[in-house]
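Computed from the coordinates by the stated procedures, all read-outs in this text should not be read as laboratory data. Bear in mind that the values here come from a model prediction, so they are computed numbers and not experimental data. Neighbour counts are summed over all protein chains in view; Cβ atoms, including those assigned to glycine, are modelled from backbone coordinates with ideal geometry.
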There are 2 protein chains.
Amino acid sequence: MNPINFQVAKTTGRLARAGVLATPHGEMLTPTLTVVGTKGTVKALTPEQLRAVGVQAVLANTYHLYLEPGDEQVAAAGGLHQFMNWAGPIYTDSGGFQVFSLGAAYGEGGVTKFAATGEQNAKTMAAEGVVKLARIDDDGVTFKSHLDGSEHRLTPEKSIAIQHNLKADVIFAFDECTSPQADYRYQVEALERTHSWAKRSLAYHQASSPAEEQGLFGIIQGGRFEDLRRRSAETLSAMTGLAGFGIGGSFSKADLGASIEIVSEILPRDKPRHLLGIGEPEDLLAGVAAGIDTFDCVAPTRMARNGTLYTRQGKINIFNNRYRSALRPIEEECDCYTCRHYTQAYLAHLFRSKEMLAATLASIHNLRFIVRLLEEIRQAILDNNFSTFQTAFLTDYCRH
Amino acid sequence: MNPINFQVAKTTGRLARAGVLATPHGEMLTPTLTVVGTKGTVKALTPEQLRAVGVQAVLANTYHLYLEPGDEQVAAAGGLHQFMNWAGPIYTDSGGFQVFSLGAAYGEGGVTKFAATGEQNAKTMAAEGVVKLARIDDDGVTFKSHLDGSEHRLTPEKSIAIQHNLKADVIFAFDECTSPQADYRYQVEALERTHSWAKRSLAYHQASSPAEEQGLFGIIQGGRFEDLRRRSAETLSAMTGLAGFGIGGSFSKADLGASIEIVSEILPRDKPRHLLGIGEPEDLLAGVAAGIDTFDCVAPTRMARNGTLYTRQGKINIFNNRYRSALRPIEEECDCYTCRHYTQAYLAHLFRSKEMLAATLASIHNLRFIVRLLEEIRQAILDNNFSTFQTAFLTDYCRH
């Protein structure tokens with residue numbers, strides 16, 4: 001009945017674990033990254049290029065696909081797998097984060113998973129002329145499309161109905177994603193709504209026929225308040241029928257690991273845990289150490305399109321003058337298509353010339369970097385060697 | 001000594017022919033299109049994607065690569081093949097067309113190979129605020145970079161030296177590309193310069209060491225004047241040492257075939273003929289009928305990026321509303337990657353969402369359309385069936 005089957009292969013340290021996550025569209029070896037393909041395409045890459053990089057799963061955004069081309073259009077095409085030509089596992093988020101990030105809590109383009117100070121955030125919002133586009137009540141959220149200003153309403157039932165149309169393997173309960181600036185009182189109120197919405201999402205999901213082909217993950221919220229994170233994990237753990245758990249909302253970067261640990265200690269060990277919207281190398285290591293199995297993050301591909309490239313010695317900016325004549329790959333030891341066939345000088349030329357191939361080649365490298373890092377993390381866990389690996393990686397990566 | 005070997009496999013009708021053009025980087029079955037990769041990349045595609053489409057050769061632009069990243073940078077990288085990861089044949093043009101098209105004769109973006117009326121052109125130039133950026137004398141051309149306004153000078157010797165650095169298999173003599181509005185007197189003057197420059201290009205090429213790895217094509221000019229085209233073909237035919245011929249300048253679309261025939265009748269039969277910058281389906285047919293072996297044209301990829309797609313029943317614009325829900329490929333009978341895996345509805349979604357994959361998938365289809373058309377043209381020539389094929393294709397293609 002549960003279409004998602006998760007087997008822990010090995011746990012090392014307190015919480016880090018390697019596993020196998022089986023979906024109706026194939027298995028994923030965890031920990032792993034679900035690569036963000038917001039509008040049903042991972043920007044600048046074909047599915048075959050993703051597969052060659054070692055990508056196992058894709059995460060698409062419910063909010064964007066609902067607005068364009070519309071979830072019914074995707075359903076008519078046979079669902080996202082067929083529409084976008086990706087035969088592997090697909091996740092869709094609940095739409096909650098986008099509804100709020102494009103409205104109440106953040107300015108567009110300034111969306112962040114980590115809390116700025118209240119003052120910084122207020123300044124950013126003022127500078128960006130942020131207008132609150134979302135109105136929330138206990139039943140759901142009314143918001144305006146960032147595309148054309150038209151008014152729409154999402155409820156837990158509607159979010160799940162949209163996700164049923166999109167037909168991803170893993171879908172998420174509708175949740176309220178609060179501002180990092182929200183005070184404790186508001187966080188409590190929002191958390192209660194999120195829990196009530198999780199219940200309604202689950203009930204609607206179980207009552208609908210596609211439930212056997214899609215697994216529903218509940219989302220743990222609670223912001224940066226330990227007691228609320230704990231309460232959220234306890235409440236969702238008690239909901240039988242959830243196929244796994246997402247951990248959402250904002251964190252303080254320094255406390256990321258600690259905040260997740262609190263949650264992982266409570267969640268059932270035989271269900272997968274997904275950290276929503278976070279995936280820089282140092283965060284992946286902290287997340288895995290704290291018990292996370294899957295991640296999603298736009299950083300590798302977004303940074304690639306801006307010319308920021310990962311290396312084991314830290315990030316580089318390919319626009320730096322020194323790369324114009326550099327006749328070596330981004331990383332000598334990298335096994336990606338880009339590093340095997342192209343020099344930094346060629347990439348520097350493509351970026352300066354604003355050629356589309358720049359984004360493709362850079363995305364391939366950055367994704368391969370992250371995928372390979374996660375492959376090595378998995379192997380280190382299996383070898384009971386994770387903590388040594390973590391230290392060694394960070395020593396090189398953060399030194400520069 | 002001549003690195004370009006051309007064998008005519010079959011001639012049908014008066015001038016249409018199928019052949020094999022051998023270069024230091026492999027053979028091309030002709031007639032064929034050399035796909036334009038202006039800055040050392042065919043926009044939105046990897047070399048592997050080009051190969052999968054059946055593309056045999058690439059043409060890069062000397063003018064652009066001289067300005068960015070610089071031909072010496074390309075030479076340091078081992079030449080264009082290595083720089084851009086394309087192991088097959090590469091052509092570079094002489095830089096002449098760009099120097100003039102970005103300066104004296106046309107407005108940028110309004111570059112055309114076909115003559116508008118004098119009045120139309122004057123209007124266009126006035127509307128686009130065209131400033132003459134190029135100054136010509138008998139020795140060469142002084143021009144300003146369209147990138148930063150810096151002043152540069154191209155002479156025949158300099159053009160060949162740059163092309164030696166780029167290391168393409170086929171390079172072109174420096175020529176003066178006149179405005180379609182130029183009068184007969186000016187055309188004569190320009191043609192004499194082009195012939196004198198061809199001689200100087202050849203002398204410089206033969207005196208330089210890479211000559212054994214690169215074949216030099218002379219360029220026939222003469223605009224829309226039959227006697228000048230004839231004179232140009234005769235003059236260049238007499239220059240021993242040229243590996244082939246380019247036919248440049250502007251044409252009247254209606255007379256394209258007739259203008260080329262005049263030239264082909266004169267040129268030596270055992271040397272390849274390249275039509276510069278023209279490659280719409282109807283032009284390919286007219287060109288092949290008139291004795292052309294190779295073409296280059298930005299149209300298939302440029303149109304693809306704008307959402308204009310070839311079909312055997314004429315071009316379609318994927319932005320048309322009807323395609324939003326069209327769950328069929330661009331062409332049912334097309335064997336390209338895009339048509340085998342994606343619907344018009346998905347492409348319409350990608351274009352409306354401004355996703356980069358739109359350009360990739362559309363370019364693959366349009367290039368495959370042209371490559372397949374040329375493969376079928378070649379087969380029709382071998383089968384002695386070209387004229388029937390031409391009529392049948394045009395009947396479908398131009399009916400809509």
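Take every Cα pair under 8 Å whose residues are at least 6 apart in sequence, average their separation, divide by the length of chain B, and the relative contact order is 19 percent.
What the Kirkwood sum gives for the protein assembly as shown is a hydrodynamic radius of 29.0 Å, with every pair of different alpha carbons counted.
Hey, with R₀ at 51 Å, roughly what FRET efficiency would A:ALA22 and B:SER387 work out to, going by the Cβ-Cβ distance, to 0.05? Don't skip to the answer; put the middle values down first.
Details: r = 60 Å, r/R0 = 1.18.
Approximately 0.25, to the nearest 0.05.
Counted as membrane-span-like here are DSSP H helices of chain A whose alpha-carbon atoms extend 27 Å or more along the helix's own axis and whose Kyte-Doolittle mean is -1.0 or above; these are A:356-382.
The ranking of B:THR395, A:THR11, A:THR178, A:THR38 by Cβ neighbour count inside 10 Å, starting from the fewest, reads B:THR395, A:THR11, A:THR38, A:THR178. For region B:267-345, chymotrypsin sites (Phe, Trp or Tyr not before Pro) meeting the loop criterion (DSSP other than H, G, I, E, B) and having at most 16 other Cβ atoms within 10 Å: B:PHE319.
For the rotation that carries chain A onto chain B, the axis lies closest to a Cβ at A:MET356, 3, where the number is the distance in whole Å.
Inter-copy label distances at A:ASP137, using a point 7 Å along Cα-to-Cβ, come to 8.1 nm with the shortest given first.
What FRET efficiency, computed as 1/(1 + (r/R0)^6) with R0 = 56 Å and r the Cβ-Cβ distance, is obtained for B:GLN7 and A:ALA75, rounded to the nearest 0.05? Could you put the intermediate results ahead of the total?
Details: r = 56 Å, r/R0 = 0.99.
Approximately 0.50, to the nearest 0.05.
From the label point of B:ALA238, set 7 Å from Cα along Cα→Cβ, how far away are the matching label points in the other copies, in nm, ordered shortest to longest? Computed spacing set for this position: 10.1 nm. Simple spin-label estimate for A:ARG322 and A:ARG14 gives 3.9 nm between the two label positions (7 Å along the Cα-to-Cβ direction from each Cα).
A point 7 Å from Cα along Cα→Cβ stands in for A:LYS253, and the other copies hold the same point at 5.6 nm, listed in rising order.
Using only the C-alpha atoms, the convex hull of chain A corresponds to 136 Å³ per residue. Taking the number of Cβ atoms within 10 Å of each Cβ as an exposure proxy, the fewest-first ranking of B:SER179, A:SER201 is B:SER179, A:SER201. For trypsin sites (Lys or Arg not before Pro), the sites in region A:302-400 that DSSP calls loop and that have at most 10 other Cβ atoms within 10 Å are A:LYS354, A:ARG399. Mean separation of Cα pairs under 8 Å and 6 or more residues apart, divided by the residue count, gives region A:233-388 a relative contact order of 18 percent.
Centre-to-centre separation between the Cα atoms of region B:220-258 and those of region A:189-210: 74 Å.
Considering only Cα-Cα distances, which of the following residue pairs are longer than 18 Å: A:LYS144/A:LYS167; B:LYS39/B:LYS167; A:LYS354/B:LYS315; A:LYS315/B:LYS39; A:LYS354/B:LYS354; A:LYS354/B:LYS43? Could the numbers behind the result be given before it?
On the way: A:LYS144/A:LYS167 25 Å; B:LYS39/B:LYS167 14 Å; A:LYS354/B:LYS315 28 Å; A:LYS315/B:LYS39 27 Å; A:LYS354/B:LYS354 16 Å; A:LYS354/B:LYS43 10 Å.
Cα-Cα > 18 Å for A:LYS144/A:LYS167; A:LYS354/B:LYS315; A:LYS315/B:LYS39; rest within.
Provide the FRET efficiency to the nearest 0.05 for the B:GLN206-B:LYS354 pair, computing r from the beta carbons and using R0 = 56 Å.
Details: r = 50 Å, r/R0 = 0.89.
For R0 = 56 Å, the calculated efficiency reads 0.65.
Taking each pair of distinct Cα atoms in region B:309-397 once, what is the resulting Kirkwood hydrodynamic radius in Å?
Details: mean 1/r = 0.0721 Å⁻¹.
Kirkwood radius, region B:309-397: 13.9 Å.
For region A:311-357, the set of GluC sites (Glu not before Pro) satisfying both a DSSP loop assignment and a count of at most 13 other C-beta atoms within 10 Å is given as A:GLU332, A:GLU333.
Would you order A:CYS334, B:CYS177, A:CYS297, A:CYS398 from fewest to most other beta-carbon atoms within 10 Å of each residue's own beta-carbon? Intermediate values should be presented prior to the final figure.
Working: A:CYS334 18, B:CYS177 26, A:CYS297 22, A:CYS398 11.
Least to most surrounded, the residues fall as A:CYS398, A:CYS334, A:CYS297, B:CYS177.
Could you work out the relative contact order of region B:309-397, using alpha carbon pairs under 8 angstrom and six or more residues apart, expressed as a whole percent? The value is 30 percent.
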